[in-house]
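Step one of this worksheet: look at the structure below.
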Amino acid sequence: MEKPLRKEGVLLIKNIDNSILFDQESGKVYRINNTMSEIWNLCNGKNTIDSIAEQMIQKYNVPTIKIKGDITNMLKYLKVLKLIGDSK
């Protein structure tokens, strides 16, 4: 997954404490935290995993190895749920 791309028809609905992803096609709802919603927004088919990690490192000042592993795991999970794919 070089440049993750959000699936069309999946809406991000933000709340104060958390956010949800609503897949209009399946009707399924997934609760995510606000950090995950930021990563979701960066899955636009233009950002690589490395560039997403770099943006999060700059914003939150966290160790590179930890954030990259967390992002990779999150993206794998979203791919299993068929909420993201790779840009073409």
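The values are calculated or read from the model by the stated rules, or taken from the named source; none is laboratory data. On a predicted model such as this, the values are computed, not experimentally measured, just so you know. All Cβ positions, glycine included, derive from the backbone under ideal geometry; neighbour counts span all protein chains shown.
Tabulated data
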{"read-out": "Conditions (1) modelled with pLDDT of 90 or more; (2) out of contact with any Leu (no Cβ under 6 Å at 6 or more places or on another chain); (3) of a type outside the set (Lys, Arg); (4) surrounded by 12 or more Cβ atoms within 10 Å (Cβ to Cβ); number of the one not met by GLY9", "value": "(4)"}
{"read-out": "Of the criteria (1) out of contact with any helix residue (DSSP H, G or I) (no Cβ under 8 Å at 6 or more places or on another chain); (2) at negative phi; (3) at pLDDT 95 or above; (4) not hydroxyl-bearing (Ser, Thr, Tyr), which one CYS43 fails", "value": "(1)"}
{"read-out": "Those residues of the stretch 1-54 which are among the basic types (Lys, Arg), assigned to a loop (DSSP other than H, G, I, E, B) and farther than 12 Å from ILE84 by Cβ, in sequence order", "value": "LYS28, LYS46"}
{"read-out": "Among (1) touching a residue at least 40 places away in the same chain (Cβ under 8 Å); (2) closer than 27 Å to ILE65 by Cβ - the single one ASP23 does not satisfy", "value": "(2)"}
{"read-out": "Residues of the stretch 71-86 classified as over 15 Å from ASP50 (Cα atoms) and in contact (Cβ under 8 Å) with a residue 40 or more places away in the chain, total", "value": "7"}
{"read-out": "Only listed residue being modelled with pLDDT under 90, among the basic types (Lys, Arg), within 14 Å of PRO4 (Cβ to Cβ) and in a helix (DSSP H, G or I), chosen from LYS79, LYS68", "value": "LYS68"}
